[in-house]
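Novice: Just dropping this structure here.
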Amino acid sequence: MPGTTSMGGKGPQKLREIPQSVTVITRQRLEDQQLTNMDQVMNQMTGVTRKEAWAKNTYVSRGFEITNVRYEGGATSTLLDSSRFEDLAQFDSVGLLRGADGLYGAGEPGGVINFMYKRPLAQPQVKLMSSAGSWDNYRGEFDVTGPLGLDGRLRGRYVGVLEDKHSFVDYDHKKRNLNYASFEFDVTDESLLFFGLSHQRDDLNGVRNTLGRFADGSDLGLPRSTNLTTPWSWNDIESTTFFVRLDQQLNDSWKAVANLRHNINENAQNVVELENPIDPVTGAGGVWWNNQHDFRTTETTLDLNTQGSFELFRHRHDLTVGVDASNKKGKGGSYWNMLYADSVFSPTLPGYYPTAESFPDTSTEVRKVGSYTSLRIRPVDDLSLIVGGRYTLKEDTEYVGATGQRLSSVEEDPQFVPYYGIVYDLTPTLSLYASHAEIYKSQATLLQGPPPGSKALEPLTGTNYEIGIKSEMADGRLLGSFALYRIEKKGEGQTDPNYPRNWGAVTSCCYVGNGYQLSQGFEVELNGEVAPGLQVSMGYTYNANENKRAGDARFSTHTPRHLFKLWSDYRFQRLHALSLGAGVVAQSQHSEAGTVVPMGSTSGDSLDYTFVESGYALYSARAAYDLDEHWTLALNANNLFDKTYY
């Protein structure tokens, strides 16, 4: 269990001092469970469900999608493809703060993910990992670190990954290549420079496609290995990241931090897939489509802050003041081409469809600048009051056409979002806490009717309340927590049924801001060493969510009411070389409901659908044996009882 984290702040602080729910998955657990990608690690996070979509998954917490990510506690970024496909070999830990991160983010209530890079070590170390698994899954990792010179003031680290894997789904094949290099340099005794780069390339063939359904939402009954695409369909994703961080110690109590990150992500594909709702009577409705795209996204984030403590009235108080900025540019084009109708039960695979030489490029640029302040006051020894706020100085979006002309732009008004928290230490190891964070999201791109649109919707607003208790046990090696939460979102844009839809370059019409979503529940979490040699990570989440404008129906039907996750690992005390692990992820019933417009429809009429997935549990296990002080042999098994689920 990590003792400190930068989640909920800009510097390291104890998990017990953060008045919100935080989970951190350490490097040791990543290796024990062989968690190498985002899907795997988010499946282990307390309170998180994964919603599968074509070629890209989304993650949901407390009924809301997680859309924000931070690196090394820096400025908040959008969860782009480059983040979703990150290989975890380059990171030392992955953390998640659930609820709105109002001080350092956009106030989205799903939460924010934080990645901590692997740092160079002062002592030489070489680690090799090689694995082979089901469906021709092969992976190799190489991790080397140590001093590079200047009497140990310069240190370096390199991580390399090669992966070649198939899956239980037909045609699905992925190759991955990761190269990560980082350096630390002690510029002076008070200045630490950390910098590096990462380059990752994923080549996907037979790109996995989600299975369709009958028009009423019922299951087609196809084998779970079915992949309604072609073996030659491909998707190539390449991501390059440069990062630098400077920590400057000003004196014993204060330091300044500069954190810069630049990411370049390129995503191209040529995919053929069998889509559309299927008629439950005739079995007709399937259509082969060719989708091609070529996108390039760049994102630069910068965070500058000063943090420290001061004494007033015989107590120490903490203050953080900073500014952050981000610039995200996207350029590219895509198109869909309908090929022919076919049966999903006996499809005839299309032949190779040539990749277009070029696309009608369009581009979007989003610029954000904000400032933040956080003050932790300790009026008495056992009480901490946290007050702060975030002020958005600038946020605008610009859309540029294929010939370079500026088509439209949207500029947001400055906005202040406050934050309040309180932590009271009942004992040196037991704390009560409460927090209040506001939710704010501009909806300037959503216009009210009539077409082509009149004025923009008012911003989406809301509140995030959380109260709970945290306890450190076993001399700080075990942390338990219980949290109650309530999240309200008001004014979210919804399609206006009185007008037809009208899409523009940046803005679209027509919407009404009458959404009112309520999500509430509780969480129980336990992480750490519960007994000598026994490590446990356990989380249970109860969620009740409803749309107050839709007869109190659940707005996030994908979120189960009950979600339980457990992983435990025991190292035998006498047979110290042997360790055994086991875990389960279990959830209650969830469903999907909505409307869909069949692709190629000329009428534009939508079809209602709903389908329900019963509750299920997935079990996993691990056995490892240390051959000597250098080599370990391990066996990991997932979905032990071969459960079929969707």
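Novice: Checking the structure you have, find out if any residue of region 404-413 is in contact with a strand residue (DSSP E or B) (Cβ under 6 Å, 6 or more places away or on another chain), over 16 Å from LEU15 (Cβ atoms) and outside any strand (DSSP E or B).
Specialist: Scanning region 404-413, I find at least one residue that is in contact with a strand residue (DSSP E or B) (Cβ under 6 Å, 6 or more places away or on another chain), over 16 Å from LEU15 (Cβ atoms) and outside any strand (DSSP E or B), so the answer is yes.
Novice: I would also like to ask the following. Identify the single condition in (1) surrounded by 15 or more Cβ atoms within 10 Å (Cβ to Cβ); (2) within 19 Å of THR210 (Cβ to Cβ) that GLU299 does not satisfy, given that it satisfies every other one.
Specialist: Just one mismatch for GLU299, condition (2).
Novice: What residue, of GLY533, GLY528, GLY539, is surrounded by fewer than 16 Cβ atoms within 10 Å (Cβ to Cβ), closer than 26 Å to THR26 by Cα and in contact with a Lys or Arg (Cβ under 6 Å, 6 or more places away or on another chain)?
Specialist: On the way: GLY528 fails: surrounded by fewer than 16 Cβ atoms within 10 Å (Cβ to Cβ); GLY539 fails: surrounded by fewer than 16 Cβ atoms within 10 Å (Cβ to Cβ).
Only one candidate qualifies: GLY533.
Novice: Check every one of the strands (runs of 3 or more DSSP E) wholly within region 560-611 and list those with 2 or more residues that are under 30 Å from GLN40 (Cβ atoms) and at pLDDT 85 or above. Break it down stepwise before answering.
Specialist: On the way: elements: 562-571, 578-587, 590-596.
Strands (runs of 3 or more DSSP E) meeting the threshold: 562-571, 578-587.
Each row is one residue, and each column tells you yes or no for (1) part of a strand (DSSP E or B); (2) in contact with a helix residue (DSSP H, G or I) (Cβ under 7 Å, 6 or more places away or on another chain); (3) at negative phi.
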| site | (1), (2), (3) |
| --- | --- |
| TYR420 | yes, no, yes |
| SER431 | yes, yes, yes |
| ALA444 | no, no, yes |
| PRO450 | no, no, yes |
| GLU458 | no, no, yes |
| SER471 | yes, no, yes |
| LYS489 | yes, no, yes |
| GLN494 | yes, no, yes |
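Novice: Which residue out of ARG153, ARG62, ARG70 is more than 28 Å from THR373 (Cα to Cα) and among the basic types (Lys, Arg)?
Specialist: Working: ARG62 fails: more than 28 Å from THR373 (Cα to Cα); ARG70 fails: more than 28 Å from THR373 (Cα to Cα).
It is ARG153.
Novice: Can you list the helices (runs of 4 or more DSSP H) lying wholly within region 5-111 that have 1 or more residues being more than 19 Å from ALA437 (Cα to Cα) and among the aromatic types (Phe, Trp, Tyr)?
Specialist: Correct list: empty, since no element meets the threshold.
Novice: Among the residues of region 523-559, which ones are closer than 26 Å to TYR646 by Cβ, in a loop (DSSP other than H, G, I, E, B) and of a type outside the set (A, V, I, L, M, F, W, C)?
Specialist: Passing the criteria: ARG554, SER556, THR557, HIS558, THR559.
Novice: Restricting attention to region 73-82, does a residue exist that is aliphatic (A, V, I, L, M), at pLDDT 85 or above and more than 28 Å from LYS394 (Cβ to Cβ)? If you could, list the steps in order and put the result at the bottom.
Specialist: Looking only at region 73-82, we keep the residues that are aliphatic (A, V, I, L, M), and these are 75, 79-80.
After this cut, where a residue has to be at pLDDT 85 or above as well, the list is 75.
Retained after the next criterion (residues that are more than 28 Å from LYS394 (Cβ to Cβ)): none.
No; the residues of region 73-82 include none that is aliphatic (A, V, I, L, M), at pLDDT 85 or above and more than 28 Å from LYS394 (Cβ to Cβ).
Novice: Another question, if that's okay. For region 472-494: of the residues being among the aliphatic types (A, V, I, L, M) and surrounded by 22 or more Cβ atoms within 10 Å (Cβ to Cβ), which is nearest to ALA434 (Cα to Cα)?
Specialist: Just the residues of region 472-494 that are among the aliphatic types (A, V, I, L, M), to begin with: 473-474, 478-479, 483-484, 487.
Among the residues that remain, those that are also surrounded by 22 or more Cβ atoms within 10 Å (Cβ to Cβ) are: 479, 483, 487.
Working: LEU479: 18, ALA483: 9, ILE487: 14 Å.
In this case the residue turns out to be ALA483.
Novice: When you go through GLY388, GLY449 one by one, which is the residue that is more than 30 Å from TYR499 (Cα to Cα), surrounded by 15 or more Cβ atoms within 10 Å (Cβ to Cβ) and not aliphatic (A, V, I, L, M)?
Specialist: Working: GLY449 fails: more than 30 Å from TYR499 (Cα to Cα).
Matching residue, one of GLY388, GLY449: GLY388.
Okay, residues lined up against (1) among the β-branched types (Val, Ile, Thr); (2) at pLDDT 90 or above; (3) more than 19 Å from GLY421 (Cα to Cα); (4) over 25 Å from the mean Cα position of the chain (by Cα):
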position	(1), (2), (3), (4)
TYR433	no, yes, no, yes
PRO451	no, no, yes, yes
LEU457	no, no, yes, yes
GLY468	no, yes, no, no
GLY480	no, yes, yes, no
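Novice: Ok, one more. Within region 605-626, which residues are loosely packed, with under 12 Cβ neighbours inside 10 Å and free of Cβ contacts under 8 Å to residues at least 12 places away in the same chain? Give the steps one after another, and end with the answer.
Specialist: Looking only at region 605-626, we keep the residues that are loosely packed, with under 12 Cβ neighbours inside 10 Å, and these are 605, 608, 614.
Scanning region 605-626 gives a single hit, ASP605.
Novice: Restricting attention to region 194-205, does a residue exist that is outside any strand (DSSP E or B) and either over 24 Å from the mean Cα position of the chain (by Cα) or within 19 Å of GLY74 (Cβ to Cβ) (or both)? Outline the logic, then answer.
Specialist: Narrowing region 194-205 to residues outside any strand (DSSP E or B): none.
Within region 194-205 (the criterion being outside any strand (DSSP E or B) and either over 24 Å from the mean Cα position of the chain (by Cα) or within 19 Å of GLY74 (Cβ to Cβ) (or both)), the answer is no, since none of the residues qualifies.
Novice: Give the residue, chosen from ARG70, ARG29, that is touching a strand residue (DSSP E or B) at 6+ places or on another chain (Cβ under 9 Å), modelled with pLDDT of 90 or more and over 26 Å from GLN587 (Cβ atoms).
Specialist: That would be ARG70, the only listed residue that is touching a strand residue (DSSP E or B) at 6+ places or on another chain (Cβ under 9 Å), modelled with pLDDT of 90 or more and over 26 Å from GLN587 (Cβ atoms).
Novice: So which residues in region 289-344 are modelled with pLDDT of 90 or more and among the aliphatic types (A, V, I, L, M), if there are any at all?
Specialist: LEU302, LEU304, LEU312, LEU319, VAL321, VAL323, ALA325 - these are the residues of region 289-344 that are modelled with pLDDT of 90 or more and among the aliphatic types (A, V, I, L, M).
Novice: Just checking, how many residues over region 128-166 are surrounded by 13 or more Cβ atoms within 10 Å (Cβ to Cβ), part of a strand (DSSP E or B) and either in contact with a strand residue (DSSP E or B) (Cβ under 7 Å, 6 or more places away or on another chain) or basic (Lys, Arg) (or both)? Full working, then the answer.
Specialist: In the first step, residues of region 128-166 are kept if they are surrounded by 13 or more Cβ atoms within 10 Å (Cβ to Cβ); the result is 129, 131, 133, 137-148, 153-166.
Adding the requirement that they be part of a strand (DSSP E or B) leaves 129, 131, 133, 137-148, 154-166.
Imposing the further condition that a residue be either in contact with a strand residue (DSSP E or B) (Cβ under 7 Å, 6 or more places away or on another chain) or basic (Lys, Arg) (or both) reduces the set to 129, 131, 137-148, 154-166.
The number of residues fulfilling the criteria is 27.
Novice: Filter region 213-227 down to the residues that are closer than 21 Å to THR610 by Cα and either basic (Lys, Arg) or crowded, with 22+ Cβ neighbours inside 10 Å (or both), then identify the one that is modelled with the lowest pLDDT. So that I can check it myself, show each step before the final result.
Specialist: Taking region 213-227 first, the residues closer than 21 Å to THR610 by Cα are 213-224.
Now narrow it down to the ones that are either basic (Lys, Arg) or crowded, with 22+ Cβ neighbours inside 10 Å (or both): 213, 224.
Working: ARG213: 82, ARG224: 87.
Top of the filtered list is ARG213.
Novice: Can you report the number of residues in region 322-380 which are among the aromatic types (Phe, Trp, Tyr) and either within 25 Å of the chain's Cα centre (by Cα) or closer than 30 Å to PRO19 by Cβ (or both)? Before you say what the answer is, go through the steps one by one.
Specialist: Kept after step one, since they are among the aromatic types (Phe, Trp, Tyr), are these residues of region 322-380: 335-336, 340, 345, 352-353, 359, 372.
Narrowing further to those that are either within 25 Å of the chain's Cα centre (by Cα) or closer than 30 Å to PRO19 by Cβ (or both): 372.
So the count comes out to 1.
The values are calculated or read from the model by the stated rules, or taken from the named source; none is laboratory data. Note that the structure is a prediction, hence the values are computed from the model and not measured. For neighbour counting, all protein chains shown are included, and Cβ atoms are generated from backbone atoms with ideal geometry for every residue, glycine included.
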